[in-house]
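For reference, the structure is listed below as structure tokens.
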Amino acid sequence: MKQKISSWQPKQLFLQIGKQHFSRIRLLIWLNLLVITILSSLSIYAKLRSKGQGVENLFSDPFTINTYYWGWLTSISEILWCSAIAVCLFTSTLSAQLNRRSQVFLLVSSLLMTLLYIDDRFRLTLILTVFFGSYIKVKTVVYSFYGVILILYGRLFWQKIKLTPYFPLLIAFFLFAFSTVIDLTPVSSPGAHAMLEDGTKLLGLINLTSYFWYVCRSEITHYLKP
């Protein structure tokens with residue numbers, strides 16, 4: 001009986017530690033439950049409708065053996081997006097140490113970049129063209145909407161931005177605007193079109209990520225000073 005009780009002790013200790021850790025990050029509990037619910041629903045739907053291949057496609061790697069470098073530069077762009085978003089979100093959580101203006105600036109910047117990244121990653125604008133038909137009109141409306149948001153963002157945080165080395169940020173915005181114009185402009189050569197649209201966007205992301213890395217590093221360094 002003693003052996004049976006002692007065998008349960010490590011399990012109880014493990015569960016207790018897990019409960020303590022998850023209680024510190026309550027959001028993670030809900031995220032896990034949400035993902036489990038979504039995956040379970042997809043599994044049930046695939047089973048009932050014989051859509052197993054469709055579910056498999058959702059998890060397929062963007063890779064083809066015949067062209068091993070497929071999407072490499074696109075993947076680098078996505079890494080840069082995620083890096084800039086992550087560093088801004090992390091720094092903005094230092095709410096007790098950062099001044100309110102810096103916290104709001106970094107939080108709004110991360111949310112804005114998240115919106116642009118989700119559109120770029122999941123091709124939301126292209127999906128809208130499927131429903132509304134006109135490719136150029138839908139993209140023009142969506143890009144105009146993003147342009148207005150960026151202008152409002154610049155006006156709202158200009159007092160904060162002008163205290164930072166903001167030239168890379170201006171270059172990033174210019175390159176994003178140029179990439180958008182190229183996207184709406186017919187270019188006969190696929191290679192030239194990809195270089196002018198995606199190449200300039202990649203360069204813009206390098207400047208954007210470098211800018212926010214520097215700003216967040218400066219904020220944290222200032223916080224660490226006695």
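The values are calculated or read from the model by the stated rules, or taken from the named source; none is laboratory data. The model shown is predicted, which means the values in this text are computed figures rather than measured ones. As a convention, Cβ positions derive from the backbone with ideal geometry for all residues, glycine included, and neighbour counts pool all protein chains shown. Accessible surface is based on the protein model in full, side chains and every heavy atom, while ligands, DNA and RNA are left aside. Shrake-Rupley method; radii C 1.70, N 1.55, O 1.52, S 1.80 Å.
Would you please name the residue that is surrounded by the fewest Cβ atoms within 10 Å (Cβ to Cβ), looking only at residues in the range 45-83 that are aromatic (Phe, Trp, Tyr) and assigned to a loop (DSSP other than H, G, I, E, B)?
My answer is 59.
Among the residues of the range 135-154, count how many are more than 17 Å from residue 113 (Cα to Cα) and not polar (S, T, N, Q). Talk me through it step by step, then tell me what you get.
Within the range 135-154, the subset more than 17 Å from residue 113 (Cα to Cα) is 135-141.
Now narrow it down to the ones that are not polar (S, T, N, Q): 135-139, 141.
Number satisfying all stated conditions: 6.
Residues to consider are 27, 39; find the one that is farther than 29 Å from residue 143 by Cβ, open to solvent by 90 Å² or more (accessible area, probe 1.4 Å), modelled with pLDDT of 85 or more and out of contact with any strand residue (DSSP E or B) (no Cβ under 6 Å at 6 or more places or on another chain).
On the way: 39 fails: open to solvent by 90 Å² or more (accessible area, probe 1.4 Å).
Being farther than 29 Å from residue 143 by Cβ, open to solvent by 90 Å² or more (accessible area, probe 1.4 Å), modelled with pLDDT of 85 or more and out of contact with any strand residue (DSSP E or B) (no Cβ under 6 Å at 6 or more places or on another chain) holds for just one of 27, 39, which is 27.
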Q.
Scan the range 136-146 and tell me whether some residue there is at positive phi, among the charged types (D, E, K, R) and open to solvent by 60 Å² or more (accessible area, probe 1.4 Å).
A. no
Q.
Within the range 124-139, does at least one residue satisfy the condition of being within 25 Å of residue 222 (Cβ to Cβ) and either touching a Phe, Trp or Tyr at 6+ places or on another chain (Cβ under 6 Å) or not in a helix (DSSP H, G or I) (or both)?
A. no
Q: Scan the range 84-132 residue by residue and report those that are among the β-branched types (Val, Ile, Thr), under 11 Å from the mean Cα position of the chain (by Cα) and exposed (fewer than 13 other Cβ atoms within 10 Å of the Cβ).
A: 118
Q) Which residues, taken from the range 64-105, are among the β-branched types (Val, Ile, Thr) and in contact with a Cys (Cβ under 9 Å, 6 or more places away or on another chain)? A) 87, 91
Q.
Please pick out the residue among 161, 151 that is β-branched (Val, Ile, Thr) and open to solvent by less than 50 Å² (accessible area, probe 1.4 Å).
A. 161
Q: Kindly check whether there is at least one residue in the range 97-107 that is in a helix (DSSP H, G or I), farther than 18 Å from residue 201 by Cβ and of a type in the set (D, E, K, R).
A: yes
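Residues that are modelled with pLDDT of 90 or more and charged (D, E, K, R): does the range 72-81 have at least one?
Restricting attention to the range 72-81, the residues satisfying the condition of being modelled with pLDDT of 90 or more are 72-81.
Okay, now just the ones that are also charged (D, E, K, R), so 78.
Yes, that holds for at least one residue.
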